[in-house]
1. Please state the shape class of the range 184-314: rounded when a/c is under 1.5, otherwise prolate if a/b exceeds b/c and oblate if not, all from the C-alpha gyration tensor.
2. Can you give the accessible area per residue of the chain, in Å², using a 1.4 Å probe?
3. Report the Cα centroid-to-centroid distance between the range 1-67 and the range 316-333 in angstrom, as an integer.
4. With a ≥ b ≥ c the root eigenvalues of the C-alpha gyration tensor of the range 199-240, is it rounded (a/c under 1.5), prolate (a/b larger than b/c) or oblate?
5. Tell me the carbon and sulfur percent of the accessible area for the chain, rounded to whole percent, probe radius 1.4 Å.
6. Give the label of the value calculated from the structure for mean projected area of the Cα convex hull in nm², choosing from (1) 19.1; (2) 16.9; (3) 15.0.
7. Which three semi-axes in whole Å describe the equivalent ellipsoid of the range 43-154, each the square root of 5 times a Cα gyration tensor eigenvalue, listed largest first?
8. Quick one: Kirkwood hydrodynamic radius for the range 125-249, alpha-carbon pairs, angstrom, one decimal?
Amino acid sequence: MDLNIVWFILIAVLFIGYFVLEGFDMGVGILLPFIAKTDIRRRVVINTIGPHWDGNEVWLLTAGGAMFAAFPHWYATVFSGFYLPLFLILIGLILRGAALEFRSKDENPKWRSLWDWAIFVGSLLPALLWGVAFADFILGVPVDASKIFVGTFFDLVPPLALLGGVVSLLMITFHGAIFLSLKTTEPLSSDARRWASRLWLPALIALALFVGLSLGLTDILAGLQVPPALVIVLAVLAVVAMLAAGLMVRQKRDGTAFIAMVVTILLSVATIFVSLFPRVLVSSLDPAFSLTIYTAASGPATLKTMSIVALILVPIVLAYQGWSYWIFRKRITSDPQHLEY
């Protein structure tokens, strides 16, 4: 296994970590205006992600940095061709971060309501647009022989890519509802479980529909250098894991449901990257123009240096983040005396 493959796998792992951890952050933010009707309940909901949201975003920064250093042509093409969607994602992340910090600075209900809706919008935009972007990666976008995106914004939003956005939005919101049921006490945990029950079937149907249409109506399997059966098995297992998550929610087994949802996200992202390999971005103009882990990569010296740095720093980061989740592992109570405003 050469370093190009190693860094392709590492970027996939970083995005899996981002969508698992930041996924429930975004899901909680989307649910905030609907599941919490009083200021105390909204504070409880926000406190469930308060210690973690900024650390979870580091996974995205690291994934972007790894793309830039390991596959600069992939980074350049994506960040130029996908400029508007990525800009909107960035606006959403900034808006949500500012809202989480500024909301408690004033007790005025209008002030807090403004920032609560900012948290909602700042969570919804990335949840929707990431799904569209990753669907575009595998469906293909207009990239010419010079590795330059030559399309328009409308080339990024075909119906199947929009369905991918709906899938990610529903899955992330469902993920957030399960997380809330784990991290809060009654009656909020029961309310979160009810929201999860409502979201589960639409998310499952959307995921199954996207998988079926992607495999049946596109040439996604044509450029594979792995057995097509592997992609089909991973995609089907993702749907099965999603089914299991919903069944666990209905049985009030929140911990098992959360694990099943983590597996669903892991398998979904893994399916995308496996279906891409060895490509990193599919060209809809000509398969020969697609960017691969070799045509988009940095030189061997850069990859080797990055690998040494990653071997030293990644375990430290993982250990610190694991420690922080252990420290803040308890449920958040609705008792005002224990709430941080």
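The values are calculated or read from the model by the stated rules, or taken from the named source; none is laboratory data. From a predicted model like this one, the values you see are computed outputs, not experimental measurements. Glycine also receives a Cβ, built like all others from the backbone with ideal geometry; neighbour counts cover every protein chain displayed. Ligands, DNA and RNA are excluded from the accessible area calculation, which covers all protein heavy atoms including side chains. Shrake-Rupley method; radii C 1.70, N 1.55, O 1.52, S 1.80 Å.
1. Oblate is the answer for the range 184-314, as a/c is 1.5 or above yet b/c matches or exceeds a/b.
2. Here the per-residue accessible area is 45 Å².
3. 14
4. oblate
5. Details: 11180 of 15420 Å².
Heavy-atom surface of the chain belonging to carbon and sulfur, 1.4 Å probe: 73 percent.
6. Matching the structure shown: (2).
7. Working: eigenvalues 223, 46, 22 Å².
Equivalent ellipsoid of the range 43-154: 33, 15, 10 Å, largest first.
8. On the way: mean 1/r = 0.0623 Å⁻¹.
After inverting the pairwise mean of 1/r, the radius is 16.1 Å.
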